[in-house]
Amino acid sequence: MLEVDHISASYGNIQILWDISLNVKEGEIVTILGPNGAGKTTLVKTILGLLHPNSGSIKFLDKRIDKLPTYKIVNMGIVLVPEGREIFPKMTVYENLLLGAYGKEAEKNKDQSLEMIFQIFPILKERRKQLAQTLSGGEQQMLAIARGLMSKPKLLIMDEPSLGLAPIIVQKIFRVIREINEKGVTLLLVEQNVHRALEIANRGYLLEAGKMVLSGDWNELLANEYVKKAYLGL
Amino acid sequence: MLLAISPPILIQIIVWGLIVGCIYVLLASGLNLIFGVMKVVNFAHGEFMILGGYISYSLSIFVGLNPYLSIFVSMIVVGVLGVIIERVCFHQILGTSKLNELILSLGLIYVLQNTMSILWTDYPVLINSPFESRVLDWVIIIGITMLIMTGFYILIRRTKIGRAMRATSQNRVAAMLMGINVEHINMLSFGLGTALAATAGTLLAIITSITPYSGEIPALKAFTIIILGGLGSPLGAVIGGLGYGLIESVAVTVLGGTWRDAVGFIILILVLIIRPMGLFGEKEI
Ligand SMILES: Nc1ncnc2c1ncn2[C@@H]1O[C@H](COP(=O)(O)OP(=O)(O)OP(=O)(O)O)[C@@H](O)[C@H]1O
Ligand SMILES: [Mg+2]
């Protein structure tokens, strides 16, 4: 479904990503792991066209997307729940959700999507008339995820959705991820929480200092000596 | 000092303040929209305004169109021109550097002024109202402003495209991630902003004569108003515009006409000292 093929990317003169390859197949949950500053966010930004690779190619559903503007990529069905929420602060929760359903397909299904979202996150229904900036941090994160779901993505990319949330909410978010995957949405999940991520993912990639150092099935990675030592504290 | 003013003069001050305020509201709202969405200060905003006035003038002279109807025609013409200028000029340099944007919009001032000077000469022109009664003109000016601002409000607040504009102004990257074509939104916002300026220009040419250079001072005042109102705050532009008109009207009556242009800037400087984020703006975090 998504094929990232030997890409490099830089901010100005500083190269961040070195020869990265990765693929996601339809129906999978794939996770990208790695320490702070490894380049995970840079990689997803590059997939979404917010940054264009200096070399290599990115294909989605067999079409080249690495030179397309972001809105076209989004309208093809790749949706990002960005790191750090990035909600629209001075709009209501409801308006934020409507913006998630900006694309034509998503707009047709918006009532149905809203119903589903309010079921998953009842708090958002309660707060739907409130300005998004007045939500708590955790609620804002839920809103960002819900807004992503409103877009009816084919591939949903989430950049550290559990960052800064209470354990009980993290649990809930991982449950939601599994649920939407069962509904047919393919997921690419960036996480620092290695254990949790590998529990729900089919496969994973380990990114360090802008290079892909390891990849494999979830159980291979969990059993890997290096991963155990460096990331699981075993 | 106000106590010494007799009631009829007080009414005159208020009415004149409101009329001029209407023009400022339209001008400042357009400027504010462009700034909010594109983060570009359109220094040539006053020239788009005057161009709107001239187009309405020509329509009323050569086509015999009622000036209050020609507002809507010149609004569309200037709006389309705004879209083209955004596409051809601003689009190319947006995000390269603030200095480029500054030079471009300063340059546009002279391009537009010279063009208007060639087309309409430098002699002052006035649009003649079809009505005998000045009072009727005032009522219509206030009514048209309310109509246009209501339309603008509905567009921004209640439509999908308006929501996309607000989204782009609040968080550009997130808007892109929603599948919004932000370049498209830039074009529309610039077009809509200049269209609003054009309506202000027609109203201005109805109450007083204009030359190709009459846009400079009102544009400066519109900058003051959106700074006072808080950059990007739509309500701030409305309250700021009306307030500015009223204060100016009081100053002209009480202190004399020489104070017309100075008083606003004195207020601006005072407000910036006391409340650097503007009266209605929020602190940047
Ligand atoms: N806009 C930018 N300009 C220049 N350098 C940047 C920019 N954004 C990120 N970087 C640098 O790129 C590197 C990778 O950053 P990135 O945000 O991709 O890391 P990450 O893996 O997502 O980290 P984290 O887990 O902390 O979110 C870092 O060294 C960072 O300083
Ligand atoms: Mg990151």
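The values are calculated or read from the model by the stated rules, or taken from the named source; none is laboratory data. Since the model is a prediction, treat every value here as computed from it, not as a measurement. Cβ coordinates were reconstructed from backbone atoms using ideal geometry, including for glycine residues, and neighbour counts include every protein chain displayed. Each accessible area value is taken on the protein alone, full model and side chains, heavy atoms only, with ligands, DNA and RNA left out. Shrake-Rupley method; radii C 1.70, N 1.55, O 1.52, S 1.80 Å.
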Place a point 7 Å from the Cα of A:L61 in the direction of its beta carbon; the residues of the stretch A:84-119 whose amide N falls under 18 Å from it are A:101-110
When only DSSP loop residues count, what trypsin sites (Lys or Arg not before Pro) in the stretch A:133-234 have their Cβ near at most 14 other Cβ atoms within 10 Å? A:K183
Using every alpha carbon pair in the stretch B:28-84, what percent of pairs falls into each 10 Å bin from 0 up to the bin containing the largest distance? 24, 47, 23, 6
Rounded to 5, percent antiparallel among DSSP beta bridges of the protein assembly as shown: 55
GluC sites (Glu not before Pro) within the stretch A:147-232, DSSP loop, no more than 11 other Cβ atoms inside 10 Å: none
At what distance in nm do the modelled label points of A:E179 and A:A166 sit from each other, each positioned 7 Å from its Cα along Cα→Cβ? 1.8
Residue span B:I84 to B:K98: 0.36 nm per residue of separation minus Cα-Cα distance leaves a gain in nm of 3.0 nm
Buried area at the B-A interface (accessible, heavy atoms, 1.4 Å probe, summed, Å²): 2000
FRET E, pair B:L270, A:E225, Förster distance 56 Å, beta-carbon r, rounded to 0.05: 0.25
Expressed as a rounded percentage, what relative contact order does chain B have, with Cα pairs under 8 Å and six or more residues apart? 38
For A:D19 and A:K125, calculate 0.36 nm times their separation in residues minus their Cα-Cα distance, and state this gained length in nm to one decimal. 33.8 nm
For peptide A:89-99, what's the mean number of Cβ atoms from other chains within 10 Å of each residue's Cβ? 4
Going from the alpha-carbon gyration tensor of the protein assembly as shown, what semi-axes, largest first and in whole Å, does one get by taking the root of 5 times each eigenvalue? 53, 23, 20
With charges set only on the Cβ (+1 for Lys and Arg, -1 for Asp and Glu), what does the dipole of the stretch B:2-274 come to about its Cα centre, in debye to the nearest 20? 820
Return the FRET efficiency for the residue pair B:I118, B:L255: r is the Cβ-Cβ distance, R0 is 41 Å, and the value is rounded to the nearest 0.05. 0.60
Spatially proximal lysines relative to B:K221 (Cα-Cα < 19 Å; intrachain offsets below 8 disregarded): B:K39
With the full set of protein chains in place, find how many percent of the accessible area of chain B is carbon and sulfur; take the probe as 1.4 Å. 73
Let me understand chain B better: what is its radius of gyration from the alpha carbons, and its Dmax, in angstrom? 18.6, 60
Of A:K40/A:K211; A:K125/A:K154; A:K45/B:K160, pairs whose Cα-Cα distance is over 19 Å: A:K125/A:K154; A:K45/B:K160
Work out the FRET efficiency for B:S6 and B:F62 from their Cβ-Cβ distance, taking R0 = 35 Å, and round it to the nearest 0.05. 0.20
Rounded to the nearest 500 deg cm²/dmol, what is the calculated helix-only ellipticity per residue at 222 nm for the protein assembly as shown, with -39500 (n - 2.57) per DSSP H run of length n ≥ 4? -18500 deg cm²/dmol
If the cut-off is 17 Å between C-alpha atoms, which aspartates and glutamates fall inside it for A:K104, apart from same-chain ones fewer than 8 positions away? A:E95
